[in-house]
1. Quick check on residue 150: is it away from ligand 3 (no atom under 16 Å from the Cβ) and either within 22 Å of the chain's Cα centre (by Cα) or buried (at least 23 other Cβ atoms within 10 Å of the Cβ) (or both)?
2. Across the stretch 292-304, what is the number of residues that are touching a strand residue (DSSP E or B) at 6+ places or on another chain (Cβ under 8 Å) and not in a helix (DSSP H, G or I)?
3. Kindly indicate whether residue 422 is under 22 Å from residue 459 (Cα atoms) and out of contact with any helix residue (DSSP H, G or I) (no Cβ under 9 Å at 6 or more places or on another chain).
4. If I filter the stretch 262-291 down to residues being assigned to a strand (DSSP E or B) and either within 17 Å of the chain's Cα centre (by Cα) or closer than 15 Å to residue 170 by Cβ (or both), which single residue comes out as farthest from ligand 2 (Cβ to nearest atom)?
5. Residue by residue through the stretch 350-371, note down the ones that are in contact with a helix residue (DSSP H, G or I) (Cβ under 7 Å, 6 or more places away or on another chain) and away from ligand 1 (no atom under 12 Å from the Cβ).
6. Determine whether the stretch 60-68 contains at least one residue that is closer than 20 Å to residue 132 by Cα, away from ligand 1 (no atom under 16 Å from the Cβ), out of contact with any strand residue (DSSP E or B) (no Cβ under 6 Å at 6 or more places or on another chain) and at pLDDT 95 or above.
7. If I ask for residues that are touching a residue at least 24 places away in the same chain (Cβ under 8 Å), more than 29 Å from the chain's Cα centre (by Cα) and more than 16 Å from residue 16 (Cα to Cα), which ones from the stretch 82-98 would you list?
8. Only one of these is at pLDDT 95 or above, more than 19 Å from residue 147 (Cβ to Cβ) and within 16 Å of ligand 1 (Cβ to nearest atom): 265, 239. Name it.
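The values are calculated or read from the model by the stated rules, or taken from the named source; none is laboratory data. Source: prediction; values computed, not measured. Neighbour counts run over all protein chains shown; Cβ positions are idealised from the backbone, glycine included.
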Ligand code: SAH
Ligand code: SF4
Ligand code: F3S
């Protein structure tokens, strides 16, 4: 067999579709890297693919329903190409395990978030006529040594995963079950990835973890509390503030963002580090989930309304202009009208720039599903959610209108959704800003005078380039 024939046999096309949070999108880049080392190149679409992977989310029931619908649609694609291999990866795969193979007959591969190194082997098993599954969770896997292949990238902004899993056990949440125990990634590999991205021309990175404030590196392995480390481990350990500083110093030309902070764990040290380095963006995503202390307790969030407010005050004292966003759940088990009103009053008080808002969706196997009944009727959850959304819209509009007449620095990410004549990017505080292109280029930092505002967007005019750091 000559080389050309070998290539023809070995090169196969992979199409990855990602659902859910940024961590899943980041994982798909790891998957592309692993598969790439085994001869798989990216397909342009599902019809061009030999293998289709759906990297799935299980956070709410509707996230899983969406995948079920997608699989129905893929039946038609598979009926035209019987060799097509279909894999379900990620959180829904981990949650349902072999049940997914029983329920969805067209699925050939099921793989959980810690088994991606096994994917080439699982595909080979399917080539041999089997259906293949690996949903083992790990206490150590961070994929820290891999070079992610950037997918659907704008070439300007990129994610870097700094930790995996979550040890928090918020009672409503499926993530600890789908992503396993928390573990932190080696800071040197994180810094190296940031430098590689800079060298490829990227201008902004977002460090990702479910609870970045509990990042702690002391030589690897499962999470340990700082006070349980040996004196030598403590000495050489790196916490989240330390990691932020390392990345900020290693890539001073790049903007640095991160997500998600936990109100229980966010420290002054992190916020002072943000204040110290101009390239760390003034933006914090700090999910409250509820504004009522009793509801927070049944959610096992481990903080009260007052504690949360104290954290917002701490942030605003150190970084007065910091953008702050929130996640809120309406109609959690046992929530009364008064308790829902507390969520609205917390929103009024905190003046979030924007929020992600959801109706509670019971997830089988979670502490809430075991302990409480999902007792708030659907229409009540919906009405409360609408009240929450209406209030957030009003706050976002007011806050955005207050920015009219001001100048902010925007990193251009690409075309505006509405017009190819306009650029879109974000300012330091993570607000979307749109303005006419003129002679500016993607990847430029530009000063923009804000002239108009909607609930979600600032609209303005460029007044010159800016090298902010
Ligand atoms: N680690 C992050 C959030 C991860 S999940 C944190 O602790 O904040 C993203 C958001 O989905 C959560 O903040 C929560 O608002 C929402 N969410 C999680 N489980 C949910 C459920 N069962 N029903 C509705 N929303 C949920
Ligand atoms: Fe879920 Fe809570 Fe962990 Fe966030 S911190 S991923 S909400 S368990
Ligand atoms: Fe969904 Fe898993 Fe992220 S459940 S929100 S994809 S961690």
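1. Considered against the rule, which asks whether it is away from ligand 3 (no atom under 16 Å from the Cβ) and either within 22 Å of the chain's Cα centre (by Cα) or buried (at least 23 other Cβ atoms within 10 Å of the Cβ) (or both), residue 150 comes out as yes.
2. Total satisfying the criteria: 2.
3. So residue 422 fits the description; yes.
4. Selected residue: 283.
5. 350, 351, 352, 353, 354
6. yes
7. Across the stretch 82-98, the qualifying residue is only 83.
8. After ruling out the rest, the residue left standing is 265.
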